[in-house]
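Undergrad: Input: one structure, supplied below.
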Amino acid sequence: MSGHTTYVPSNKAARWFNDRLPILGMAHEFLTFPTPRNLNYFWTFGGILTVMLVMQIITGIILAMHYVADTKLAFDSVQAIKRDVNFGWLIQTMHANGATMFFIAVYIHMFRGLYFGSYKQPREVLWILGVIILLLMMATAFMGYVLPFGQMSGWGATVITNFFTAIPVVGSDLLVWLRGGYTIDQATLNRFFSLHYLLPFMIFGVVVLHVWALHAVGNNNPTGVSVKSDKDTVPFHPYMTVKDSVGLVGFALFFALFIFYMPDYFGEADNYVEFNSLKTPAHIKPEWYFLPFYAILRAIPFTLFGLPATLYGLIAMFGSIAILAFLPWLDTSKVRSTSYRPAYKIFFALFVLTCLILGYCGSQPTDKEVLRVGSKVVLDMTGLAQIFTAYYFLHFLVVLPLLGLFEKPLKLPASIADSVLDSIRPGHGLPTGAHAEPQTKG
Ligand code: HEM
């Protein structure tokens with residue numbers, strides 16, 4: 001494949017060092033890694049996420065130098081960071097908004113994978129490592145949100161940990177174990193701070209495995225067609241380093257918009273009030289990135305075998321993430337990219353819509369009216385969440401397994417190079433007088 005060369009040290013010192021620690025060879029392998037020539041900007045999000053992770057770790061370490069994990073001081077210490085620490089306002093805003101940006105980037109990265117079938121053979125392990133990263137990210141964000149110890153921090157943690165009491169036999173003990181006591185208090189804050197500091201480094205470790213797995217099997221691409229020859233690829237550097245940099249700058253501008261102009265856009269007014277365990281806020285809801293899962297948690301209406309609905313809600317919520325790990329085997333279609341699957345394209349759009357509607361349901365009170373006929377409310381927010389929770393699971397358990405067997409996909413290009421060249425050959429939309437020549441050179 002093009003650009004894939006074995007490293008030859010350019011001088012004696014480099015050879016001496018590389019013979020003892022072959023890190024220069026590894027860096028060389030990284031830079032020359034053959035990437036499909038048709039990757040679009042959706043493929044820049046892996047790099048964006050890597051930079052975001054490092055930024056979250058660096059800003060987090062600085063915050064931890066000034067933060068005080070004491071229930072009586074935590075809230076004030078965050079305010080002091082914003083007001084009294086040099087550039088504390090910037091570091092704190094970058095970290096808090098960084099969490100939101102991280103999730104925006106990771107959801108784009110995941111939906112890219114879902115659309116282009118990047119989870120399919122031979123990338124199953126790469127995908128599953130991604131699902132593990134997602135779970136670790138969720139745990140990290142949940143515990144981080146408790147640290148400023150505002151009303152939403154404390155009450156969010158109270159509501160979510162309370163759900164665990166629904167687990168038979170061990171539920172109540174588990175709740176005390178998670179909280180380190182009967183309520184959200186000093187022990188909870190200590191353990192959440194400790195784990196919130198630890199988990200990002202675990203995420204970093206899993207990201208190393210994730211990228212390792214990527215290097216073992218190579219990138220997927222927008223056609224989903226596998227790399228067949230040198231003509232299909234270009235070396236990672238300079239082609240993807242430049243493209244990744246452009247993507248990163250674009251994303252940084254979007255991020256900066258929130259840091260400098262709307263730092264509280266994703267925040268909750270209630271979290272500017274210190275946590276008071278005797279005063280419940282009017283409407284407790286999690287951060288936006290948890291909302292679809294929160295809607296699924298609250299959607300299950302039935303009690304079965306004498307077990308509470310909440311337990312089934314918990315199972316459904318964790319199940320909605322766990323099911324992603326089985327995706328490579330649930331999707332029976334041999335064609336990777338949705339671009340060549342006209343029927344699946346419709347179901348994919350329906351799935352995206354489902355996630356958005358579930359997110360909306362999660363942000364609203366459960367008894368809020370959705371549809372009324374005459375004087376009768378025929379659908380409330382719980383009902384709406386139930387319909388779309390049902391579709392969420394149907395998508396994975398029925399649509400994906402069956403559609404692959406019956407759907408007639410479009411004709412795939414013979415190769416990646418052909419797909420690129422076809423789009424610029426005369427009669428394929430190239431403006432008259434434009435030259436296809438540079439792209440035809442392999
Ligand atoms: C901290 C979070 C993450 C980081 C830093 C990260 C990093 C990366 C990088 C650098 C790449 C290669 C460039 C690219 O394809 O964009 C990549 C590819 C990939 N990632 Fe992630 N990732 C993260 C989370 C996830 C999650 C949550 C999933 C799925 C559940 C996932 C699934 C994939 C897949 C399937 C590929 C291969 C894509 C392809 O070649 O088409 N990643 N990731």
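Read-outs throughout are calculated quantities, based only on the coordinates presented, and are distinct from any laboratory measurement. Worth saying up front: this structure is predicted, and the values here are computed from it rather than measured. With ideal geometry, Cβ positions are generated from the backbone for all residues, glycine too; neighbour counts draw on all protein chains shown.
Undergrad: Suppose each label sits 7 Å from its Cα in the direction of the beta carbon; what would the His215-Trp177 distance come out to in nanometres?
TA: Once both label points are built, they end up 3.8 nm from each other.
Undergrad: Restrict the search to the range 235-318; then list the trypsin sites (Lys or Arg not before Pro) that DSSP places in a loop and that have at most 11 other Cβ atoms within 10 Å of their Cβ.
TA: Here the trypsin sites (Lys or Arg not before Pro) that fit, given the DSSP loop and packing criteria, are Lys279.
Undergrad: Something else now. Taking a threshold of 26 Å on the Cα-Cα distance, which of the pairs Lys243/Lys411; Lys228/Lys411; Lys231/Lys334; Lys228/Lys334; Lys12/Lys228; Lys231/Lys408 fall above it?
TA: Where the Cα-Cα span goes over 26 Å, the pairs concerned are Lys243/Lys411; Lys12/Lys228; Lys231/Lys408.
Undergrad: Related question: Not counting the cut sites, what is the longest span of the chain without chymotrypsin sites (Phe, Trp or Tyr not before Pro) that DSSP labels loop and that have at most 12 other Cβ atoms within 10 Å?
TA: Longest site-free region, per DSSP loop and neighbour criteria: 306-442.
Undergrad: Right, here's the next one. What helices does the chain hold that run 30 Å or longer along their axis, going by alpha-carbon atoms, with a Kyte-Doolittle average of -0.5 or more, using DSSP H for the helix calls? Don't skip to the answer; put the middle values down first.
TA: Working: long enough: 45-66 (31 Å, 1.97); 88-116 (41 Å, 0.81); 124-146 (34 Å, 2.17); 186-217 (47 Å, 1.25); 342-363 (33 Å, 1.59).
Within the chain the helices that satisfy the rule are 45-66, 88-116, 124-146, 186-217, 342-363.
Undergrad: Which far-off residues, 5 or more places away or on another chain, put their amide H under 5 Å from the one on Val234, with H placed in the peptide plane?
TA: Long-range HN contacts for Val234: Thr35, Arg37.
Undergrad: Also, quick follow-up: In debye, nearest 20, what is the charge dipole magnitude of the chain about its Cα centre with +1 on Lys and Arg Cβ and -1 on Asp and Glu Cβ, if you could check?
TA: Using only the charged Cβ atoms, the result is roughly 980 debye.
Undergrad: Within 11 Å, Cβ to Cβ, of Gly362, how many net charges do the neighbouring residues add up to if Lys/Arg are +1 and Asp/Glu are -1?
TA: +1
Undergrad: Could you work out how far apart the two model spin labels at Ala282 and Phe393 are, taking each label as a point 7 Å from the Cα in the direction of the beta carbon, and quote it in nm?
TA: Result: 3.4 nm between the two label points.
Undergrad: Here's another thing I want to ask about it. Could you compute the FRET efficiency for Asp19 and Ala349, with r as their C-beta to C-beta distance and R0 at 60 Å, rounded to 0.05?
TA: For Asp19 and Ala349, the calculated efficiency is 0.65.
Undergrad: In addition: With a point put 7 Å past each Cα toward its Cβ, work out how far Asp84 is from Lys368 in nm, to one decimal.
TA: With each label point 7 Å from Cα toward Cβ, the separation is 4.0 nm.
Undergrad: Ratio of Rg to Rh for the chain, alpha carbon only, Kirkwood?
TA: Values: Rg = 24.8 Å, Rh = 24.7 Å.
Expressed as Rg/Rh, it is 1.01.
Undergrad: Something else about it: Can you tell me how the range 195-269 classifies by the Cα gyration tensor, rounded, prolate or oblate, using a/c under 1.5 as the rounded cut?
TA: Since a/c reaches 1.5 but b/c is at least a/b, the shape of the range 195-269 is classed as oblate.
Undergrad: Another question, if that's okay. Taking Cα atoms of the range 293-411, Rg/Rh with Kirkwood Rh, to two decimals?
TA: Details: Rg = 16.5 Å, Rh = 15.7 Å.
We get a ratio of 1.05 for the range 293-411.
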